[in-house]
Amino acid sequence: MRFRKRHAELVYHCALSDLKRDSDQAYLGMLWWVLDPLIYLCTFYLIFEVIMQRGGPGFIHFLLTGLVFWRWFDSTVRLSAFSIKKYQGIISQVYLPKLLLPLITVTGNLMKFSLVLVLFALFLTLSGHPPGSSWLAIPLLLLVQFVLVLGASLLVAAIIPLIPDLMQLVNYGMTLMFFMSGIFFDLNSVDEPLRSVLYFNPMAVMLSAWRDLLLEASIPPLAQLGYVLAFGLVLGAVGAWLLNRFDLHYPRLVN
Amino acid sequence: MSALLSFENVGLRYSRDRRDNPWTLQGVNFEVMKGETLGVIGRNGAGKSSLLRLMSGLIAPDAGRIHRQTDSILLLSIQLGFQPHLTGRENAMISGILLGMHRAEVKAAMDDIVEFAELGEQIDDPVRTYSAGMRGRLGFAVACQARPEVLLIDEALSVGDREFRAKSRQYMLERLQSEQTAVVVSHDEKLIATECNRVIWLANGGIKACGAPEDVLEQYRR
């Protein structure tokens, strides 16, 4: 792979272009970045709190924390599967290191998520969870989750063009992960040994860490964050290796 | 004169697509010398586009080797990466970076691009509001700014109305007659005869003839 400074500029401009297209394509434009998770949240609130009455005090905060950080992971990884396909026309005309293509997706989603995050922080502040000294650890958690999001995205972006059939597996995997990450139930209420098994899932660990930090004002165990970080790094290393290994092969894939 | 690019027994195989003869290119040997304009002729399906993709380093050969003295080898592409929702200026930026320029270089060249493309204030309108001719002119104006060491041109790049076609053709000819090293793939025998120093005739995935334009073209016409 041949990297240049202009490649960073390209990632930035292409990510902005994607965001601009999102906001151009609907009448409500950028508002959808916020409306979308909000509607998502309302659906879950309706099902679990109103219909099934499974909630309880603080359920909405519990649910919202889970959904906000899950959505960042979920939407980035799913979109990354199509990163290379999206730029097929371009990479069959000029050389680009293929690693750049998922980076465009990851960067664009990070920009979107930042807006949601600011609004979420505002919501927490106004609803009884004001900023405290524990919030100083937010950048650390953001970094850890970013590495996980990036790692999973690189891997998915590298593999799906080579073996398109795996997309089904990714879809099922993401759904399964969604149900097992403790988004709408507390994993700590699950009995051992199942609980420990569920915590092998790095997103389960991540969501629990965010709740510790934002809702309980306590610093999550660093060993757990280290586990998520290592998980992300391994996924990312494999993904980057594949993207580099097949760098000159991707343009030859038709469709 | 030194070779900027040389092919040594290069073969390319799209095994899944063709069963009878899987080799798109086979045993291809040639060099591109600094400063020359090399023409490539051949019927459709002879492997000309594959040859350009190999030269620009988009794909790797399945056999043989390609030696490059430079990384700066560009297949000239018009409207590369254009998105209808972006303005002409934004598209020029992305296209320019894709064609090998830095953001600062595209910015510095923006006035020239707008002038060459004859777009005026419409440069800040979304490209979806442009006519096909306007898009083509902008694409050409951006592509003109690219300064690769080896320029690869696939077919005559004709865009816009008659006047703009003449202008862009004139510009291309000046580029070819300069120190620019270039490889031109074209069916335009007159262009090949007048602008190229050497010509390669590609047939059935191999080089059938190579040499002075008049000699190769004469064999090609028979």
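The values are calculated or read from the model by the stated rules, or taken from the named source; none is laboratory data. Worth saying up front: this structure is predicted, and the values here are computed from it rather than measured. Cβ coordinates were reconstructed from backbone atoms using ideal geometry, including for glycine residues, and neighbour counts include every protein chain displayed.
Return yes when A:Ser134 is touching a Ser or Thr at 6+ places or on another chain (Cβ under 8 Å), over 23 Å from A:Leu243 (Cα atoms), assigned to a helix (DSSP H, G or I) and hydroxyl-bearing (Ser, Thr, Tyr) and no when it is not. Against the criterion (touching a Ser or Thr at 6+ places or on another chain (Cβ under 8 Å), over 23 Å from A:Leu243 (Cα atoms), assigned to a helix (DSSP H, G or I) and hydroxyl-bearing (Ser, Thr, Tyr)), A:Ser134 qualifies. Could you tell me which residue of the range B:173-222 is farthest from B:Glu31 (Cα to Cα), considering only residues that are in contact with a Phe, Trp or Tyr (Cβ under 7 Å, 6 or more places away or on another chain) and of a type in the set (Gly, Ala, Ser)? Checked the range B:173-222; the qualifying residue farthest from B:Glu31 (Cα to Cα) is B:Gly205. Scanning the range A:25-35 for residues that are part of a helix (DSSP H, G or I) and modelled with pLDDT under 80 gives A:Gln25, A:Trp33, A:Val34. Screening the range B:88-137 for residues that are of a type in the set (Val, Ile, Thr), out of contact with any Pro (no Cβ under 6 Å at 6 or more places or on another chain) and buried (at least 16 other Cβ atoms within 10 Å of the Cβ) and picking the one that is farthest from the other protein chains (Cβ to nearest Cβ) gives B:Val114. Of the numbered criteria (1) modelled with pLDDT of 90 or more; (2) within 30 Å of B:Arg165 (Cβ to Cβ); (3) out of contact with any strand residue (DSSP E or B) (no Cβ under 6 Å at 6 or more places or on another chain), the one B:Val32 fails is (3).
Taken together, the residues in the range A:156-189 that are surrounded by 14 or more Cβ atoms within 10 Å (Cβ to Cβ) and either within 23 Å of A:Cys42 (Cα to Cα) or of a type in the set (Lys, Arg) (or both) amount to 10. Answer yes or no as to whether B:Glu195 is in contact with a helix residue (DSSP H, G or I) (Cβ under 9 Å, 6 or more places away or on another chain), within 16 Å of B:Gly35 (Cβ to Cβ) and of a type outside the set (A, V, I, L, M, F, W, C). So B:Glu195 passes the test.
Of everything in the range B:76-87 that is more than 7 Å from chain A (Cβ to nearest Cβ) and out of contact with any Phe, Trp or Tyr (no Cβ under 6 Å at 6 or more places or on another chain), the residue that is surrounded by the most Cβ atoms within 10 Å (Cβ to Cβ) is B:Leu76.
Residues checked against (1) more than 9 Å from every other protein chain (Cβ to nearest Cβ); (2) more than 30 Å from A:Phe185 (Cα to Cα); (3) touching a Cys at 6+ places or on another chain (Cβ under 6 Å):
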| position | (1), (2), (3) |
| --- | --- |
| A:Cys14 | no, yes, no |
| A:Asp22 | yes, yes, no |
| A:Gly29 | yes, yes, no |
| A:Leu35 | yes, no, no |
| A:Ile47 | yes, no, no |
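Taken over the range A:1-12, the criterion of being within 11 Å of chain B (Cβ to nearest Cβ) and modelled with pLDDT under 80 is satisfied by A:Arg2, A:Arg4. Just give me the residues in the range A:190-227 being surrounded by 20 or more Cβ atoms within 10 Å (Cβ to Cβ) and of a type in the set (Val, Ile, Thr), in sequence order. A:Val205 - this is the single residue of the range A:190-227 that is surrounded by 20 or more Cβ atoms within 10 Å (Cβ to Cβ) and of a type in the set (Val, Ile, Thr). Counting only residues that are within 14 Å of chain B (Cβ to nearest Cβ), under 17 Å from A:Leu155 (Cα atoms) and part of a loop (DSSP other than H, G, I, E, B), the range A:91-111 holds 2 of them.
Filtered by the rule that a residue be within 9 Å of chain A (Cβ to nearest Cβ) and either touching a Lys or Arg at 6+ places or on another chain (Cβ under 8 Å) or closer than 20 Å to A:Arg6 by Cβ (or both), the range B:50-75 gives B:Ser56, B:Gly57, B:Leu58, B:Ile59, B:Asp71, B:Ile73, B:Leu74, B:Leu75.
The combined condition, being under 14 Å from A:Ala158 (Cα atoms), more than 15 Å from the chain's Cα centre (by Cα), at pLDDT 85 or above and buried (at least 17 other Cβ atoms within 10 Å of the Cβ), is not fulfilled by A:Leu63. Among the residues examined, B:Arg135 does not qualify as in the same structural domain as B:Glu8 (by TED's automatic domain parsing), modelled with pLDDT of 90 or more and among the basic types (Lys, Arg).
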